[in-house]
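The values are calculated or read from the model by the stated rules, or taken from the named source; none is laboratory data. Given the structure is predicted, the values throughout are model-derived calculations rather than measurements. Note that we place each Cβ from the backbone using ideal geometry, even for glycine, and neighbour counts take in every protein chain shown. These area figures cover heavy atoms from the full protein model, side chains too; ligands, DNA and RNA do not enter into them. Shrake-Rupley method; radii C 1.70, N 1.55, O 1.52, S 1.80 Å.
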Amino acid sequence: MEAQPSLLSRTTGKYRVSVVIDRCKECGICIFVCPIKVLVKSSVLNKYGYHPPDPVNIDKCIGCRLCEYNCPDFAIYVEKVV
Amino acid sequence: MAVTRQIHPLDKHLRLERIPTLYCPGCGLGIALGALLRALDKRISEGAINPDKVLWVGGIGCSSRMVFYVNYDAAHVIHGRAIPFALGAVLANPDLLAIVTGGDGDIAGIGGNHLIHAARRNIDMIVLMFTNFVYAMTGGQVAPTTPRGVSTTTTPRGNPEYPVNAVKLVGSLNANYVARASVTTPHYIEQFFYKALGMRGFRFIEVVSTCPEIYGRHIGLRDPVEMYSELRKRIKYKHKPSLEEAEIDWERGIVIGEFVERSNPSLIEILKGVRS
């Protein structure tokens, strides 16, 4: 049976930030590069035992996509909400 | 069970059954791969490149394993011999777009002679060299690009040798495009690779990468974020820098930019008689 990939996704206003939970390796680069500190390490554990980031301050997101560009594991992406 | 449904915008270029990659947490290679795929995606959506004609070739090493994760025709060959394999493929079928990926040990160390002669003959291929300053996959032995004085697994009292400067070496030969980017500037990797995809001849891009697990352990930057921020402080972009500025010096900073741009006739063009 195909397991559905679990997403940690938050939307407000203009942007939606989604984290693919089981791809994250908890390197912390997305949290470091975010210029306005949207992302915070969550308490969720994925199947490899890492804590993926959580976009808690999503209402401040400016959509620069630095987290998406700097993620080494294709685990985070930013979409514009129409 | 791996995540196989496409969710991320780059998932159509990846072999999802092999994701997550084997790279250590915080490895810069994943950032570089994402940037390369964005540039390739842009060229494919413009109609300039046929995805069926793209060939990725990798030798041995962490960076060469990149060809495992891309959803294109790919070959994984013996250590240092990725450039000769790509040369054979391009000569047999000149329509192919050959992309060679490899680390500094694979391209500049073991396959250094192939690099020199491929650049001299201006063969139609793109060579991407990911510099992480050590042989990381085998445990951190000294590589030809290791800076002087760094203690590695095989040089516990500090590296006594001078490193090779691959950008200056290739730039002094007949290569058509020589550039350097860093994983802390993924937009420049994307921009340079996008430009290289639209050119002919030998194109060489060096990507300075972070290796927190192996190289970071040797220089005392074990944390991925710490190593990323230390490298980012040292990266300086220059518009059209000269080859004299290409030296990698951890203290004085690492210059990135497009070092060489030429329009010399490539080997395929000479053989076909298009240009001489």
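Figures for the structure shown
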| quantity | calculated |
| --- | --- |
| Percent of Cα pairs exceeding the 18 Å cut-off, where the set is the range B:31-156 | 53 percent |
| Solvent-accessible area of B:Ile19 with every protein chain in place, 1.4 Å probe, in Å² to the nearest 10 | 10 Å² |
| Diffusion coefficient, µm² s⁻¹, Stokes-Einstein with Kirkwood Rh over alpha-carbon pairs of the range B:114-237 at 10 °C and 1.306 mPa s | 103 µm²/s |
| Chain A, helix-only ellipticity at 222 nm - DSSP H runs n ≥ 4, -39,500 (n - 2.57), divided by all residues, nearest 500 | -2500 deg cm²/dmol |
| Share of carbon and sulfur in the accessible heavy-atom surface of chain B [1.4 Å probe, %] | 51 percent |
| Size descriptor, Kirkwood hydrodynamic radius, that averages inverse alpha-carbon separations across the range B:1-102, Å | 14.3 Å |
| Area of B:Asp223 that stays accessible when all protein chains are in place (1.4 Å probe, Å², to 10) | 70 Å² |
| Dipole magnitude of the range A:23-80, debye to nearest 20 (Cβ charges: Lys/Arg +1, Asp/Glu -1, about Cα centre) | 40 debye |
| Shape box of the range B:24-272 [Cα atoms, principal axes, largest first, Å] | 53, 34, 34 |
| Computed [θ] at 222 nm, deg cm²/dmol, chain B (DSSP H ≥ 4; -39,500 (n - 2.57); rounded to nearest 500) | -8500 deg cm²/dmol |
| Cα pair count fraction exceeding 15 Å, expressed as % - the range B:79-125 | 38 percent |
| Alpha carbon Rg of the range A:1-66, scaled by the compact-globule rule 2.2 N^0.38 Å | 1.12 |
| Options A:Val44, A:Ser9, A:Gly63, ranked by Cα towards positive dipole end of chain A, top entry (Cβ charges) | A:Gly63 |
| With at most 11 other Cβ atoms within 10 Å, longest stretch of chain B clear of loop GluC sites (Glu not before Pro) (DSSP) | B:47-160 |
| Charge tally in the Cβ shell below 13 Å around B:Ile268, where Lys, Arg are +1 and Asp, Glu are -1, B:Ile268 excluded | +1 |
| Length released on extending from B:His187 to B:Gln141, taking residue separation times 0.36 nm less the Cα-Cα span | 13.5 nm |
| DSSP-defined antiparallel bridges as percent of all bridges, the range B:78-225, nearest 5 | 10 percent |
| Normalised contact order of chain B, rounded percent, pairs of Cα under 8 Å and 6 or more residues apart | 17 percent |
| Value in Å of the Kirkwood radius, where the range B:109-155 supplies the Cα pairs that are averaged | 12.3 Å |
| Normalised contact order of chain A, rounded percent, pairs of Cα under 8 Å and 6 or more residues apart | 36 percent |
| All lysines inside 26 Å of A:Lys80 as judged from Cα atoms, apart from same-chain residues fewer than 8 positions distant | A:Lys14, A:Lys25, A:Lys37, A:Lys41, A:Lys60, B:Lys12, B:Lys42 |
| Interatomic Cα distance distribution for the protein assembly as shown, bins of 10 angstrom, percent | 5, 25, 34, 24, 10, 2, 0 |
| Heavy-atom accessible area order for A:Lys25, B:Lys195, B:Lys240, largest first, 1.4 Å probe | B:Lys240, B:Lys195, A:Lys25 |
| Distant-in-sequence amide H partners of B:Leu14 (H built 1.01 Å from N, under 5 Å) | B:Asn71 |
| Beta bridge orientation in chain B: antiparallel %, DSSP, nearest 5 | 20 percent |
| Accessible surface ranking that places the most exposed of B:Trp250, B:Trp56 first, with a 1.4 angstrom probe | B:Trp250, B:Trp56 |
| Karplus-derived HN-Hα couplings along the range B:64-75 (A = 6.51, B = -1.76, C = 1.60, θ = phi - 60°), whole Hz, x at Gly and Pro | 6, 5, 3, 5, 6, 9, 9, 8, 9, 4, 9, 10 |
| Candidate lysines for bridging to B:Lys238, where Cα separation is under 24 Å - those fewer than 8 sequence places away on the same chain excluded | B:Lys168, B:Lys195 |
| Solvent-accessible area of B:Arg81 with every protein chain in place, 1.4 Å probe, in Å² to the nearest 10 | 90 Å² |
| Accessible area, probe 1.4 Å, largest first, for residues B:Tyr237, B:Tyr188 | B:Tyr237, B:Tyr188 |
